[in-house]
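Engineer: Can you read through this structure? Questions will come right after.
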Amino acid sequence: MEFSWPSKGILVNQRKYALEIVSELGLGDAKPSWTPIEMNVKLTIPKYVRLTGAMRVARYIKREPGLRVMFSSERSDIISVFCDADWASCPNTRRPVFGFLIKYGESLVSCKCKKQSSVSKSSAEAEYRSMASVVSEVVWLIGLLKDLGEYVN
């Protein structure tokens, strides 16, 4: 990991590691990919799809190996939470996919995207399950921040 300390916070990136992965896979001359996965692909041959998927992710990393995460130095006691669910988005199982991200001040501290474990009867139920998941994560995060002596609003 590489760190830099501009006046606004801390920048973290893994450029060297990303380039090592691309090199070890022999994809130094490969055409970079715009997205890490192909959209709307039915997974019929899982082993082959995993292999081609891994290669595609490596080509995606090759396009932007220096992507960074910024942790702001500005003090803030505000937690911002965003979540969403896509009802019956998986065409095979009809299970919803949900995602959320949590920011403490201007810094991203947690994010997740996952297929829900059960089928929801409505989009409202999928959204409710998404909110329940993110609330449990926020409760844990608030407890952690309080243990670290941080005030949370």
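Any read-out appearing in this document is the output of simple, stated calculations on the displayed coordinates, not a laboratory observation. In this text the structure is predicted, and so the values were computed from the model without any measurement. Please note: Cβ atoms are built from the backbone with ideal geometry, for glycine as well, and neighbour counts cover all protein chains shown.
Engineer: Obtain the nm distance between the two label points defined at R68 and S80 by a simple spin-label model: each point lies 7 Å from its Cα along the Cα-to-C-beta direction.
Structural biologist: Between R68 and S80, the label points sit 2.0 nm apart.
Engineer: Among Y151, Y128, what is the fewest-to-most ranking by other Cβ atoms within 10 Å?
Structural biologist: Placing the least packed residue first, the sequence is Y151, Y128.
Engineer: Could you give the Stokes-Einstein D for the stretch 74-147 in µm² per second, using the C-alpha Kirkwood radius, 25 °C, 0.890 mPa s? Each step should come with its number before you reach the end.
Structural biologist: Values: Rh = 13.1 Å.
In µm²/s, the coefficient is 188.
Engineer: Specify the inter-centroid distance of the stretch 83-153 and the stretch 3-19, based on alpha-carbon positions, in whole Å.
Structural biologist: A separation of 27 Å, based on Cα centres.
Engineer: Spin-label point model (7 Å from Cα, Cβ direction): what's the K114 to W140 distance in nm?
Structural biologist: Between K114 and W140, the label points sit 0.8 nm apart.
Engineer: I've got another one for you. For V152 and L101 in the same chain, what is the full-extension length gain: residue separation times 0.36 nm, less their Cα-Cα distance, in nm?
Structural biologist: Additional length available on full extension: 16.7 nm.
Engineer: Quick check: net charge around G99, other residues with Cβ under 10 Å of its Cβ, Lys/Arg +1 and Asp/Glu -1?
Structural biologist: Computed value for this residue: 0.
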